[in-house]
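Q: Below is one structure. I have some questions about it.
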Amino acid sequence: MTVFPSTYARLRDVTLHYVSAGTGDPVVLLHGWPQTWYMWRKVIPILAERYRVIAPDMRGLGQSSRPAEGYDKKTIAADIVELVHDHLGLGPVYLVGHDWGGPVAFSYAVHNPDRVTKLALLDVPIPGDGTDVFWAGRWHHPFHWITDVPEALTVGRERIYLEYFYRTFGASPDAIDAEAMEIYIDAYSQPGAMRAGFNYYRATPTDVQDNEAALKAGGKLKMPVLALAGSEGRGRGARMVLDSARRISEKVSGGEVSDTGHWLVEEKPDVVAEELMEFFQD
């Protein structure tokens with residue numbers, strides 16, 4: 001397995017851990033829940049042949065610090081903007097988000113359109129797109145919204161709870177390999193990590209308000225958007241992901257990645273990397 005340089009950036013009110021590789025125009029990869037930057041481990045070497053790739057652990061997750069507040073996606077996007085443009089001094093980026101990384105990437109793009117060349121959303125609709133598809137039919141969303149109860153029921157049982165998602169949200173139970181599963185479970189078993197993850201869900205009403213206001217003020221995104229979805233299992237499906245993307249962007253392309261579920265980046269990293277490279281270079 002390739003070892004990537006691992007660095008910490010002390011920012012305004014959070015310390016972000018990130019890995020980086022390659023040289024060239026910057027690509028920023030944003031992970032989701034319950035994963036860390038490590039979900040991109042097989043994509044990074046491919047993209048790094050042509051680009052400078054930055055993959056952070058987002059606020060509260062992985063090896064980044066866990067502030068008590070600030071889990072709305074506008075704040076988390078501001079963390080990444082500060083890391084990329086202020087701390088690292090980089091220019092416009094190609095931006096990619098999977099799962100919760102998608103809404104963070106959207107907030108980054110809608111509030112900083114001159115800093116995003118192209119945006120890719122992987123198996124995720126956007127809250128505040130005018131519908132309830134982001135949480136509709138997803139039992140764990142309203143469960144995670146409840147104050148304190150999810151923490152109380154999962155403390156000491158992180159493996160049981162998280163393995164359910166890893167084994168059922170992909171096209172097959174081994175969509176995420178055993179090594180990666182152990183890394184994620186260890187990360188989310190650290191003090192405060194599960195609460196931070198649940199707080200991403202609890203901020204959904206704020207995310208909806210922020211996104212609706214941004215779209216009303218500035219209209220749809222103008223930069224090209226790629227929307228990819230898993231085709232099986234608990235994948236969102238191309239129709240849902242593409243429809244949501246078209247509600248928030250004027251220029252949308254994409255489709256399904258066959259034989260994958262929600263964990264498409266881990267299930268078919270070569271295919272996802274190829275789709276991203278073609279999108280960036282088009």
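Every number here is computed from the coordinates shown, using simple stated rules; none is lab data. Source: prediction; values computed, not measured. Here Cβ is always computed from backbone atoms with ideal geometry, including for glycine, and neighbour counts include all displayed protein chains.
Q: Counting just the Cα atoms, what span does the stretch 110-203 cover along each of its three principal axes? Round to the nearest Å and put the largest first.
A: Here the Cα extents, ordered largest to smallest, are 43, 31, 26 Å.
Q: If we sort 173-183, 86-96, 117-127, 54-64 on the protection proxy, mean other Cβ atoms within 10 Å, highest first, what's the order? List each step's numbers first, then the result.
A: Numbers: 173-183: 15.1, 86-96: 18.5, 117-127: 26.8, 54-64: 24.9.
By packing density, highest mean first, the sequence is 117-127, 54-64, 86-96, 173-183.
Q: Here's a follow-up. Identify which of the listed values of volume of the Cα convex hull per residue in Å³ was calculated from the structure shown: (i) 113; (ii) 169; (iii) 124.
A: Comparing each candidate, only (i) matches the computed number.
Q: Another question, then. Restricting to DSSP H runs of at least four residues, report the calculated mean residue ellipticity at 222 nm for the chain, -39500 (n - 2.57) per run over all residues, nearest 500 deg cm²/dmol. Present the calculation step by step, with values, prior to reporting the outcome.
A: Working: 12 runs with 111 residues, N = 282.
After summing the helix terms and dividing by residue count, I get -11000 deg cm²/dmol.
Q: Given the peptides 104-112, 158-166, arrange them by the average over their residues of other C-beta atoms within 10 Å, most packed first.
A: 104-112, 158-166
Q: Ok, one more. What ranking do 184-192, 144-152, 260-268 get when scored by the average of other Cβ atoms within 10 Å per residue, highest first?
A: Per-residue mean Cβ counts within 10 Å order the peptides as 260-268, 184-192, 144-152.
Q: Same structure again: Which of rounded, prolate, oblate describes the stretch 162-244, given a ≥ b ≥ c as roots of the alpha-carbon gyration tensor eigenvalues and a/c under 1.5 marking rounded, otherwise prolate only if a/b is larger than b/c?
A: Numbers: a/c = 2.85, a/b = 1.43, b/c = 2.00.
Oblate shape, in that a/c is at least 1.5 and b/c is the bigger or equal ratio.
Q: Right, here's the next one. Normalising by the residue count of the chain, find the relative contact order in percent from Cα pairs under 8 Å and 6+ residues apart.
A: 19
Q: Translational diffusion coefficient of the stretch 1-138 at 10 °C, 1.306 mPa s, Stokes-Einstein with Kirkwood Rh over Cα pairs, in µm²/s as a whole number. Can you show the working numbers first?
A: Numbers: Rh = 15.0 Å.
This corresponds to a translational diffusion coefficient of 106 µm²/s.
Q: Now, a different point. State the percent of C-alpha pairs, over all pairs in the stretch 140-282, separated by a distance greater than 24 angstrom.
A: Result: 46 percent of Cα pairs exceed 24 Å.
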